[in-house]
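Chemist: Sharing a structure, written as structure tokens. Questions coming.
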Amino acid sequence: MTRPSWDEYFMNIAHEVACRSTCNRAQVGAVIVKDKRILTTGYNGSPRGLPHCTEVGCLMENGHCVRTLHAEQNAIIQAALHGVSTRGADIYVTHQPCFLCAKMIINAGIVRIVYAKEYPDDRSRNFLQEAGVTLISVNGESDFQQT
């Protein structure tokens, strides 16, 4: 029997969380972890109590659906809602964070991002690097890491 590494384990969970997504354009999942313990999860979907893309369609602006919150945002909001500190945590995301999510991750004190799918956003990568946040693709290659 071969056990998955911790990164594989939590990334598998992020993919499962993404199955709850209610946006047809992209199903994204996020898992915030500290000391090998899951703190919160999030997926992209509409704000609580509002209609979902699967019910009323996407709300498009400049080629992006603005009806939904991103998975990373929802995971961070869940931590805030329940009084869970994310300082020093890792986040596992099915897609590389966008610029807005990168800024939220930095301010949430998350120190390491493991992602599966590339997202073409050099601004987010630059901000994360400047902030000293480690960004690692699922294949284990470090995009950058400051010490």
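Chemist: Every residue in the range 15-59 that is of a type outside the set (S, T, N, Q) and under 19 Å from GLY88 (Cβ atoms), please.
Modeler: Scanning the range 15-59 gives ALA30, VAL31, ILE32, VAL33, LYS34, ASP35, LYS36, ARG37, ILE38, LEU39, GLY42.
For every residue, the table says whether it meets (1) more than 12 Å from the chain's Cα centre (by Cα); (2) in a helix (DSSP H, G or I); (3) of a type in the set (S, T, N, Q).
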{"position": "CYS58", "(1), (2), (3)": "yes, no, no"}
{"position": "GLU72", "(1), (2), (3)": "no, yes, no"}
{"position": "ILE76", "(1), (2), (3)": "no, yes, no"}
{"position": "THR86", "(1), (2), (3)": "yes, no, yes"}
{"position": "VAL93", "(1), (2), (3)": "no, no, no"}
{"position": "PRO97", "(1), (2), (3)": "no, no, no"}
{"position": "ALA102", "(1), (2), (3)": "no, yes, no"}
{"position": "ILE136", "(1), (2), (3)": "yes, no, no"}
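Chemist: Still on this structure, I have one more. Identify, from the list VAL17, VAL84, VAL114, the residue that is surrounded by 20 or more Cβ atoms within 10 Å (Cβ to Cβ) and within 25 Å of ALA131 (Cα to Cα).
Modeler: The unique qualifying residue is VAL114.
Chemist: Among (1) of a type in the set (Gly, Ala, Ser); (2) more than 19 Å from LYS36 (Cα to Cα); (3) at pLDDT below 95, which single condition is SER137 missing?
Modeler: (2)
Chemist: Taking the condition open to solvent by less than 20 Å² (accessible area, probe 1.4 Å), part of a loop (DSSP other than H, G, I, E, B) and closer than 19 Å to TRP6 by Cβ, does ILE32 pass?
Modeler: It is false that ILE32 is open to solvent by less than 20 Å² (accessible area, probe 1.4 Å), part of a loop (DSSP other than H, G, I, E, B) and closer than 19 Å to TRP6 by Cβ.
The values are calculated or read from the model by the stated rules, or taken from the named source; none is laboratory data. Keep in mind that what you see is a predicted model, and the values were worked out from it rather than measured. Reconstructed Cβ throughout: ideal geometry from the backbone, glycine too, with neighbour counts over all protein chains shown. These accessible areas exclude ligands, DNA and RNA; they are computed on the full protein's heavy atoms, side chains included. Shrake-Rupley method; radii C 1.70, N 1.55, O 1.52, S 1.80 Å.
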